[in-house]
Amino acid sequence: MPLKTLRERRDATPFRPFDIHLADGRMLPVVTTDHLLFLPKNPEFIVVLPDGGFRIVDPSQVVSVGRSPTPARIPKR
């Protein structure tokens, strides 16, 4: 997948969380713009996970990008 597509999703206004689906079946959530980082002279990119961990991803392993499901709203009392 072209890095341009991922940059466009990250930089969209308003930002909407999305998931990156990898060839090995893993799914990496991008919950804010700060969770997807591009390296200036390297085709790989970094996804910071919600638990604070991170993954370095080769773009050739990305099979699709999709919108994250909207979390269920908790009714106010």
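Tabulated data for the structure shown
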| quantity | calculated |
| --- | --- |
| Distance in nm between pseudo-label sites at R55 and D19 (7 Å out along the Cβ direction from Cα) | 1.1 |
| Option label - volume of the Cα convex hull per residue in Å³ computed here, alternatives (i) 223; (ii) 94; (iii) 110 | (iii) |
| Whole-Hz ³J(HN,Hα) from phi, Karplus 6.51 cos²θ - 1.76 cosθ + 1.60, for the stretch 30-41, glycine and proline x | 10, 8, 9, 4, 6, 8, 10, 10, 10, 8, x, 10 |
| Amide hydrogen neighbours beyond the local backbone of L49, cut-off 5 Å, H modeled | F54, R55 |
| The chain - mean residue ellipticity at 222 nm from DSSP helices (-39,500 (n - 2.57) per run, n ≥ 4, rounded to 500) | -3500 deg cm²/dmol |
| Under 5 Å, built H, 5+ apart or other chain: amide partners of D19 | V30, G66, R67, S68 |
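We did not get these values from a lab; they are worked out from the coordinates using the rules stated. These numbers were taken from a predicted model, which means no experiment stands behind them. Reconstructed Cβ throughout: ideal geometry from the backbone, glycine too, with neighbour counts over all protein chains shown.
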